[in-house]
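What follows is a set of notes on a single structure, which appears directly below.
The values are calculated or read from the model by the stated rules, or taken from the named source; none is laboratory data. Values in this document were obtained by computation on a predicted structure and should not be read as measured data. Here Cβ is always computed from backbone atoms with ideal geometry, including for glycine, and neighbour counts include all displayed protein chains.
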Amino acid sequence: MARQGGRASDPRKVSQELFTLTYGALVAQLIKDYEKDDEVNKQLDKMGYNIGVRLIEDFLARSGLGRCNDFRETADVIAKHGFRMFLGITPAVSHWTAAGDEFSLVMDTNPLADFVELPDDHNQLNYSNLLCGVIRGALESVQMAVDVKFVHDILKGDDQTEIRVKFIKRLEDALPAGEE
């Protein structure tokens, strides 16, 4: 007979913990396969990019949000809707440049980094670099070329995790030859 306790498990919390542990196993395997932190970072970014390209469709369908009017609105949508929907957190949007073409996503907690300690010999590893790729892939899918990189990481002893997003250019819709 199933034990009836005073405390029920939250399926979202269990799912998030399973994802976090599975992600950790993935990163550990990449470290074994590629050995150098820079190569692991590239692979995580590449995987994240591929996820972002696919995730944007789900995000747009579930959120019901339309096209953003400017880069500031895009930043708010990423933080307040995207991160909340898929990771259950809302990073702060800050450190805008005067030109308004670059901002930071600052997180006090990083759900991907739960249960994680970086070994001393992997100080160049950006453990959650998958997030950079996801942002880059998702924004490229909506015709926005961006550069995304980690600036600070809780796993490296920083107080917060900070991801920097820089607008590069607007991409033109590519229509097949002969169609207008």
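How many residues does region 73-96 hold that are in contact (Cβ under 8 Å) with a residue 60 or more places away in the chain, of a type in the set (Val, Ile, Thr) and part of a loop (DSSP other than H, G, I, E, B)?
Selection size over region 73-96: 0.
Need pairs with beta-carbon distance below 8 Å; first residue over 12 Å from Leu139 (Cα atoms) and within region 41-67, second among the hydrophobic types (A, V, I, L, M, F, W, C) and not in a helix (DSSP H, G or I); sequence gap 6+ or separate chains.
The qualifying pairs are Asn41/Leu125.
Quick one: how many residues across region 143-161 are within 19 Å of Leu87 (Cβ to Cβ) and surrounded by 15 or more Cβ atoms within 10 Å (Cβ to Cβ)?
If we filter region 143-161 for residues that are within 19 Å of Leu87 (Cβ to Cβ), which is where we start, we get 146, 148-155, 158, 160-161.
Adding the requirement that they be surrounded by 15 or more Cβ atoms within 10 Å (Cβ to Cβ) leaves 146, 148-150, 152-155, 160-161.
Number satisfying all stated conditions: 10.
Mind telling me which of the residues Phe103, Phe150 ends up being in a strand (DSSP E or B) and without any contact (Cβ under 8 Å) to a residue 40 or more places away in the chain?
Phe150
Report yes if Ile31 is surrounded by 14 or more Cβ atoms within 10 Å (Cβ to Cβ), modelled with pLDDT under 95, among the β-branched types (Val, Ile, Thr) and in a helix (DSSP H, G or I), otherwise no.
yes
Kindly provide the set of residues from region 42-63 that are at pLDDT below 95 and of a type in the set (S, T, N, Q), ordered by number.
Ser63
Would you confirm whether or not region 166-180 contains a residue that is in contact (Cβ under 8 Å) with a residue 40 or more places away in the chain and within 14 Å of the chain's Cα centre (by Cα)?
No, region 166-180 contains no residue that is in contact (Cβ under 8 Å) with a residue 40 or more places away in the chain and within 14 Å of the chain's Cα centre (by Cα).
Which of the residues belonging to region 106-147 are in a strand (DSSP E or B) and in contact (Cβ under 8 Å) with a residue 40 or more places away in the chain?
Val106, Met107, Met144 - these are the residues of region 106-147 that are in a strand (DSSP E or B) and in contact (Cβ under 8 Å) with a residue 40 or more places away in the chain.
May I ask you to verify whether Asp101 is closer than 26 Å to Thr22 by Cα and of a type in the set (D, E, K, R)?
Numbers: closer than 26 Å to Thr22 by Cα: no; of a type in the set (D, E, K, R): yes.
When the stated conditions are applied, Asp101 does not pass them.
Test each condition in (1) closer than 20 Å to Asn41 by Cβ; (2) exposed (fewer than 15 other Cβ atoms within 10 Å of the Cβ) for Asn110 and report the one that comes out false.
The number of the failed condition is (2).
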